[in-house]
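The next block holds one structure in the form of structure tokens; read it before the comments.
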Amino acid sequence: MSYDDALAARVRAMAAERPDVAERAMFGGLAFMVGGNLACCVLGEDLLVRLAPEEAEAALGEPGVAPFGMPGRRPMRGFVRVDGAAVGADADLASWFDAGVAFAGSLPGK
């Protein structure tokens, strides 16, 4: 799977302001990691975000947010897929990016 270069550039610009965020290829997209833990990933035109499981459940009620899972498997707990249209505004993208970075930063490093 390829990823949206424009969305990746926007996330990359946010990550550049955070020395604790690293970038690498993952899930066929472009992932952003904190301490070796996934914070978010640009997948196609969407954004995969890792959150605390209870936060992910609550986020499913927001427009453009769906569970994330690998094809043929059940959804992964604590991961949501945010439709690209729902992160069109910089403030919306920053909110999701910050939430993913905060959760990934709360986990033990790998």
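Values quoted throughout were computed directly from the atomic coordinates according to the rules given, and no laboratory measurement underlies them. What you see is a predicted model, and the numbers here were worked out from it, not measured in a lab. Using ideal geometry, Cβ is built from the backbone for each residue, glycine included, and neighbour counts are taken over all protein chains shown.
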Exercise for the section: Report yes if some residue within region 13-22 is under 15 Å from Ala99 (Cα atoms), of a type outside the set (Ser, Thr, Tyr) and in contact with a Lys or Arg (Cβ under 9 Å, 6 or more places away or on another chain); otherwise report no. Expected result: no
Practice task
Would you check if there is a residue in region 41-53 being touching a residue at least 12 places away in the same chain (Cβ under 8 Å), of a type in the set (Val, Ile, Thr) and in contact with a Pro (Cβ under 9 Å, 6 or more places away or on another chain)?
Solution key: no
Completion exercise
Going through region 44-53 in order, the residues found to be out of contact with any Cys (no Cβ under 9 Å at 6 or more places or on another chain) and in a strand (DSSP E or B) are Gly44, Asp46
Completion exercise
Among the residues of region 54-88, the number that are closer than 20 Å to Arg18 by Cβ and either over 14 Å from the mean Cα position of the chain (by Cα) or assigned to a helix (DSSP H, G or I) (or both) is 2
Exercise for the section: Please indicate, with yes or no, whether at least one residue in region 65-85 is surrounded by 15 or more Cβ atoms within 10 Å (Cβ to Cβ), in contact (Cβ under 8 Å) with a residue 60 or more places away in the chain and farther than 21 Å from Gly109 by Cα. Expected result: yes
Exercise for the section: Kindly establish whether Leu93 is outside any helix (DSSP H, G or I), surrounded by 15 or more Cβ atoms within 10 Å (Cβ to Cβ) and of a type outside the set (Gly, Ala, Ser). Expected result: no
